[in-house]
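Colleague: Before we start, here is the structure in question, set down as structure tokens.
The values are calculated or read from the model by the stated rules, or taken from the named source; none is laboratory data. Predicted, not measured: the structure shown is a model, and the values here were computed from it. Note that we place each Cβ from the backbone using ideal geometry, even for glycine, and neighbour counts take in every protein chain shown. Each accessible area value is taken on the protein alone, full model and side chains, heavy atoms only, with ligands, DNA and RNA left out. Shrake-Rupley method; radii C 1.70, N 1.55, O 1.52, S 1.80 Å.
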Amino acid sequence: MSLLDQLIARIRQDGPMRISDYMSECLLHPHLGYYTTRDPLGARGDFTTAPEISQMFGELIGLSLAQSWMDQGKPEPFALVELGPGRGTLMADLLRASRAVPGFHDAAQLVLVEASPALRDVQTQTLQDYAPRWVGSVSDLPEMPTFLVANEFFDALPIRQFLRDGAGWRERLIGVEGDSLAFGLGPISEHVALRARVQNTKDGDLVELCAAAIPIITTIAGRIATHGGAALVVDYGDWHSLGDTFQALQAHERANPLQNPGQADLTAHVDFEPLAHAARAEGCAHTRLTPQGVFLERLGITARARSLAGSLGEQEQESLIAAHRRLTHPKEMGNLFKVLGLYPAYAAPPPGLEP
Ligand code: SAH
């Protein structure tokens, strides 16, 4: 039975489904889920991410985290963590770039948070020299100083959508029309998590909530506040969510998110404000939300590109220039993608994210 047929049967039996439940099923169903069954990255996959565009991305993240580690007195041992490492490319680049930092590799315990067995296999190959350990959830991360990166992880977490109707909200739900899935609206209700949004929205506005992100950030911020460390959270999104950002990508093209469940990548923009708020509640400091282009320029991406270019042929130089532009230019990923840094209130903010 296909995932579409299973979902239709479930909705016929239980009634309309939350978008968050739909996303969870489509992405992580044990046999039919999108991430569980494949490696979706790269030119032949469905989407490309910053570390797959250029090695410079992971290298600069590595230098930022290694500098934070030095600034905090080189704690030993520490957990070097990545959430949703994909193919392991970012972590491999990070580790190569930080090899020259005395003591960093010896003190690091590499821990990867990955739900997909298919991608764990790829990560095993990419990172075979570094003895990584996998955990299924951040609650299993060790209690120690934690230096962490998450690129395009939070956008894969399930969201719910709410349409403002007067002083209340109607949830956007997924039902069945004929043999297909279709969006509809639930009844008006109040939601505690949406109370603060009444001030900055108007009738007819749509907002998104990602409840799953909160316990994850709370755990990470707790580790950093208690034991030291730093986190770099990189994703597309903004300070407030506003409007429908639920989208499907298949073979690098936008697709209807209700068609071919389990066959397309589903994401939503990250609302960083509640993440920062949850970190603060744990006594953890956070940086200003910084555009990816600004972050990478501050860390010296242009100098890094120049030094790489020296050893390249003409065609490779062209693609290096294109990659630099793609990562940093405001009309490409430079402005759409943002970086939020978490760090202990007593320590310096992560390099690239200073006020
Ligand atoms: N960070 C990588 C991959 C991004 S794709 C890159 O930049 O290239 C999203 C990643 O998060 C995949 O590795 C996916 O399997 C993982 N993932 C998605 N939801 C998850 C969850 N709930 N728990 C753990 N990993 C998850």
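Colleague: With the crude spin-label approximation of a point 7 Å out along Cα→Cβ, what separation in nm comes out for Arg195 versus Asn335?
Modeller: Once both label points are built, they end up 3.6 nm from each other.
Colleague: Turning to a different aspect of this structure: Could you estimate the translational diffusion coefficient of segment 284-350 from the Stokes-Einstein equation, with Rh from the Kirkwood formula over C-alpha pairs, at 25 °C and 0.890 mPa s, in whole µm²/s? Before the final figure, lay out each step's value.
Modeller: Numbers: Rh = 13.2 Å.
My calculation gives 185 µm²/s for D.
Colleague: Top to bottom by accessible area (1.4 Å), largest first, where do Met70, Met17 land?
Modeller: On the way: Met70 65, Met17 10 Å².
Largest accessible area first, the residues go Met70, Met17.
Colleague: Sticking with this structure for a sec: Please get the size of the charge dipole for segment 207-355, origin at its Cα centre, with Cβ charges of +1 on Lys and Arg and -1 on Asp and Glu, quoted in debye to the nearest 20.
Modeller: Charge dipole of segment 207-355: 400 debye, to the nearest 20.
Colleague: Using a 10 Å cut-off on Cβ atoms, rank the peptides 157-165, 308-316 from the highest mean neighbour count down.
Modeller: Values: 157-165: 21.0, 308-316: 10.1.
Highest to lowest by the protection proxy: 157-165, 308-316.
Colleague: Going by accessible area, probe 1.4 Å, with all protein chains left in place, what is the ranking of Glu114, Glu282, largest first?
Modeller: Details: Glu114 15, Glu282 80 Å².
Most to least solvent-accessible, the answer reads Glu282, Glu114.
Colleague: Please work out the FRET efficiency for the pair Asp71 and Met1, using the Cβ-Cβ distance as r and a Förster radius of 51 Å; give the result to the nearest 0.05. Show your work: numbers first, answer last.
Modeller: Details: r = 54 Å, r/R0 = 1.06.
Result of the calculation: an efficiency of 0.40.
Colleague: Would you be so kind as to identify which of Gln6, Gly341, Gly310 lies farthest towards the positive end of the dipole of the chain, taking Lys and Arg as +1 and Asp and Glu as -1 on Cβ and the Cα centre as origin?
Modeller: Value: Gly341.
Colleague: Name the residue farthest towards the positive end of the dipole of the chain from the options Ser68, Gly86, Ala322, assuming +1 on Cβ of Lys and Arg, -1 on Cβ of Asp and Glu, about the Cα centre.
Modeller: Ser68
Colleague: On average over all directions, what projected area in square nanometres does the chain have, based on the convex hull of its Cα atoms? Mind dumping the intermediate values first?
Modeller: Numbers: hull surface 74.0 nm².
Averaging across all directions leaves 18.5 nm² for the Cα convex hull.
Colleague: I've got another one for you. Explain nothing, just compute: Karplus ³J(HN,Hα) = 6.51 cos²θ - 1.76 cosθ + 1.60, θ = phi - 60°, for every residue of segment 346-355 in order, whole Hz, x for Gly and Pro.
Modeller: Once rounded to whole Hz, the list reads 7, 9, 6, x, x, x, x, 10, 5, x.
Colleague: Next question. Could you work out the relative contact order of segment 119-249, using alpha carbon pairs under 8 angstrom and six or more residues apart, expressed as a whole percent?
Modeller: Details: 151 pairs, mean separation 45.1, N = 131.
Normalised by residue count, the contact order of segment 119-249 is 34 percent.
Colleague: Could you sort Lys74, Lys338, Lys202 by their accessible area in this structure, using a 1.4 Å probe and putting the largest first? Kindly include the intermediate steps, with their values, before the conclusion.
Modeller: On the way: Lys74 90, Lys338 25, Lys202 130 Å².
Sorted by accessible area, descending: Lys202, Lys74, Lys338.
Colleague: Mind checking the angle between helix 314-328 and the chain's longest principal axis? C-alpha axes, 0 to 90 degrees, to the nearest 10.
Modeller: Approximately 60 degrees, to the nearest ten.
Colleague: Determine the gain in length on full extension of the stretch Ser311-Asp179; use 0.36 nm per residue of separation and subtract their C-alpha separation, reporting nm with one decimal.
Modeller: The span from Ser311 to Asp179 would gain 41.8 nm if fully extended.
Colleague: Ok, one more. If R0 is 30 Å, what FRET efficiency do you get for Glu273 and Gln128 from their C-beta distance, rounded to 0.05?
Modeller: On the way: r = 39 Å, r/R0 = 1.31.
Efficiency, rounded to the nearest 0.05: 0.15.
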